[in-house]
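Peer 1: Just passing along the structure, written as structure tokens.
The values are calculated or read from the model by the stated rules, or taken from the named source; none is laboratory data. Quantities reported herein were computed from a predicted structural model and do not represent experimental measurements. Cβ coordinates were reconstructed from backbone atoms using ideal geometry, including for glycine residues, and neighbour counts include every protein chain displayed. All accessible areas refer to the heavy atoms of the entire protein, side chains included, with ligands and DNA or RNA removed. Shrake-Rupley method; radii C 1.70, N 1.55, O 1.52, S 1.80 Å.
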Amino acid sequence: MQYSRLGDTDLQVSRICLGTMTFGEQNTPEAAHAQLDLALERGVNFIDTAEIYPVPPRGETYGETERIVGSWLKARGTRERVVLATKAAGRADWLPHVRGGAPRLNRAHLEAALEGSLERLGTDRIDLYQLHWPDRNTNYFGDLGYSHDPDDDPVPVEETLAVLGDFVKAGKVRHIGISNETAWGAMQYLHLAETMGLPRIVSIQNPYNLLNRSYEVGLAEVSHREKVGLLAYSPLGFGTLSGKYVDGIMPEGSRLSLFSDRYSRYSNPEGINATRRYVELAKRHGISPAQMALAFVNSRPFVTSNIIGATSIAQLAENIASIDISLSEELMIGIEAIHTEQPNPCP
Ligand SMILES: NC(=O)c1ccc[n+]([C@@H]2O[C@H](COP(=O)([O-])OP(=O)(O)OC[C@H]3O[C@@H](n4cnc5c(N)ncnc54)[C@H](OP(=O)(O)O)[C@@H]3O)[C@@H](O)[C@H]2O)c1
């Protein structure tokens, strides 16, 4: 395993982070524990979860993933060996089961979210507490362009950051991060931290993969200059970049076969076309398409850690092993050629 520094903190996190959002839906608690065991054995010390997991989020399963991670930490006594990241839901009208169906990034909601996560994870401290998505109207979750809403009435970032500052002061949170954010959002958190004497964000968790490199526009510079690295999520574009859906194949039990109505982000015609080209490129170079896609993310200098997801031990082993793969110059030229012709088909 390789490790990198989390922002400007003294924490070293593995460059592969274990994503957990299938735990409690596609993965049983036993299967999830087996994944956590293998990841730890292979040097992964960074675990990402969220209050609303597993996905798709449902009232019946709300908090189940954190409970599964918490039961593993307790059973194995591994709490001090891992850097534990979770997230509070942002503003939403599509989560009827979360805080009266209207979660916000204000004091009352964040306090309730944090207490719930601490309890389910069975810990007295979250190492990285992230805001899952913004409270304001902006472009994320598949929106490439920004459209302004003059009537938007968001919780001010000052208020959200002050609450997070109190969490840090109380010792319940070590570091804070943002997710599904824009360059403006990231710079606003950094600016207010400096002017208000509040904690700095140490990470940005956004989508990043061969089908969506929009992070490179604006945010990559923020990562470098401000030392706030990317925690890249969906590095395989929901599994599509493994090549298993090419030619319309729908493997039984796979995410897209189970939840195709909800998860269409990487299945538009341009994305399917670009995916076919990346898969062919990998095969021509004798490398597995999944490992090529993951090694590409691992190789980006603005990435602190690559948040992988898996539903089987075989997938997990393949994905973790991507850390040992470096892509040849010729392969990188091939990737850039496809990207130039079809940039960000699935933002
Ligand atoms: N902040 C956010 O809003 C946000 C959003 C999404 C994810 N995340 C985080 O990022 C983590 C990873 O996201 P993701 O699950 O979307 O990542 P992903 O890498 O794009 O997709 C992972 C899925 O692809 C399939 N897969 C994985 N490895 C494979 C392989 N080697 N060969 C074939 N299929 C493979 C598996 O699904 P099947 O077996 O079902 O095909 C697996 O669950 C999540 O667990 C979560 O922690 C955060």
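Peer 1: Tell me which helices (runs of 4 or more DSSP H) are completely within segment 214-310 and hold 2 or more residues being within 9 Å of the ligand (Cβ to nearest atom) and touching a Phe, Trp or Tyr at 6+ places or on another chain (Cβ under 8 Å), or say none if there are none.
Peer 2: In segment 214-310, the matching helices (runs of 4 or more DSSP H) lie at 255-259, 289-298.
Peer 1: Write out, first by first residue and then by second, each pair whose Cβ atoms fall under 7 Å of each other, whose residues are 6+ apart or on separate chains, and whose first residue, in segment 292-314, is touching a residue at least 24 places away in the same chain (Cβ under 8 Å) and closer than 16 Å to residue 21 by Cβ while the second is of a type in the set (Phe, Trp, Tyr) and within 9 Å of the ligand (Cβ to nearest atom).
Peer 2: 307/233
Peer 1: A follow-up question, please. With (1) within 23 Å of residue 212 (Cβ to Cβ); (2) of a type outside the set (Lys, Arg); (3) out of contact with any strand residue (DSSP E or B) (no Cβ under 7 Å at 6 or more places or on another chain) as the list, and residue 171 as the residue in question, which single condition is left unmet?
Peer 2: Result: residue 171 fails condition (1) only.
Peer 1: Of all the residues that make up segment 184-223, how many are open to solvent by 30 Å² or more (accessible area, probe 1.4 Å) and more than 17 Å from the chain's Cα centre (by Cα)?
Peer 2: Our first condition is that a residue be open to solvent by 30 Å² or more (accessible area, probe 1.4 Å); within segment 184-223, this holds for 184, 187-188, 191, 194-200, 214, 216-218, 221.
Of the ones still in play, those that are also more than 17 Å from the chain's Cα centre (by Cα) are 184, 187-188, 191, 194-200, 217-218, 221.
Within segment 184-223, residues that are open to solvent by 30 Å² or more (accessible area, probe 1.4 Å) and more than 17 Å from the chain's Cα centre (by Cα) number 14.
Peer 1: I would also like to ask the following. Only one of (1) away from the ligand (no atom under 12 Å from the Cβ); (2) buried (at least 20 other Cβ atoms within 10 Å of the Cβ) fails for residue 52. Which number is that?
Peer 2: (1)
Peer 1: Can you pull out the residues in segment 90-119 that are among the hydrophobic types (A, V, I, L, M, F, W, C) and open to solvent by 60 Å² or more (accessible area, probe 1.4 Å)? Break it down stepwise before answering.
Peer 2: Of the residues in segment 90-119, the ones among the hydrophobic types (A, V, I, L, M, F, W, C) are 92, 94-95, 98, 102, 105, 108, 110, 112-114, 118.
Result: 94, 108.
Peer 1: Within segment 203-213, how many residues are near the ligand (Cβ under 7 Å from one of its atoms) and more than 19 Å from residue 47 (Cα to Cα)?
Peer 2: Residues meeting the conditions: 1.
Peer 1: Check off (1) in contact with a strand residue (DSSP E or B) (Cβ under 7 Å, 6 or more places away or on another chain); (2) more than 24 Å from residue 178 (Cα to Cα); (3) of a type in the set (Lys, Arg) for residue 42 and give me the number that stays unchecked.
Peer 2: With (1) in contact with a strand residue (DSSP E or B) (Cβ under 7 Å, 6 or more places away or on another chain); (2) more than 24 Å from residue 178 (Cα to Cα); (3) of a type in the set (Lys, Arg) applied to residue 42, the lone miss is (1).
Peer 1: Test each condition in (1) touching a Lys or Arg at 6+ places or on another chain (Cβ under 9 Å); (2) at pLDDT 95 or above for residue 247 and report the one that comes out false.
Peer 2: Answer for residue 247: the failing condition is (2).
Peer 1: Condition first: within 20 Å of the chain's Cα centre (by Cα), within 16 Å of the ligand (Cβ to nearest atom) and without any contact (Cβ under 8 Å) to a residue 60 or more places away in the chain. Can you find one or more residues in segment 150-172 that meet it?
Peer 2: Checked against the condition, which is being within 20 Å of the chain's Cα centre (by Cα), within 16 Å of the ligand (Cβ to nearest atom) and without any contact (Cβ under 8 Å) to a residue 60 or more places away in the chain, segment 150-172 yields no hits at all.
Peer 1: Filter segment 297-322 down to residues that are more than 26 Å from residue 65 (Cα to Cα) and under 16 Å from the mean Cα position of the chain (by Cα) and give me whichever is most open to solvent (accessible area, probe 1.4 Å).
Peer 2: If we take residues in segment 297-322 being more than 26 Å from residue 65 (Cα to Cα) and under 16 Å from the mean Cα position of the chain (by Cα), then 300 is most open to solvent (accessible area, probe 1.4 Å).
Peer 1: Going through 61, 20, 28 one at a time, which residue ends up being among the polar types (S, T, N, Q) and open to solvent by less than 10 Å² (accessible area, probe 1.4 Å)?
Peer 2: The match here is 20.
Peer 1: Here are 67, 5: which of them is in contact with a helix residue (DSSP H, G or I) (Cβ under 7 Å, 6 or more places away or on another chain) and of a type in the set (Lys, Arg)?
Peer 2: Within the list 67, 5, the selection yields 67.
Peer 1: If we keep just the residues of segment 50-65 that are in contact (Cβ under 8 Å) with a residue 12 or more places away in the chain and in a helix (DSSP H, G or I), which is nearest to residue 126 (Cα to Cα)?
Peer 2: Among them, the one singled out is 65.
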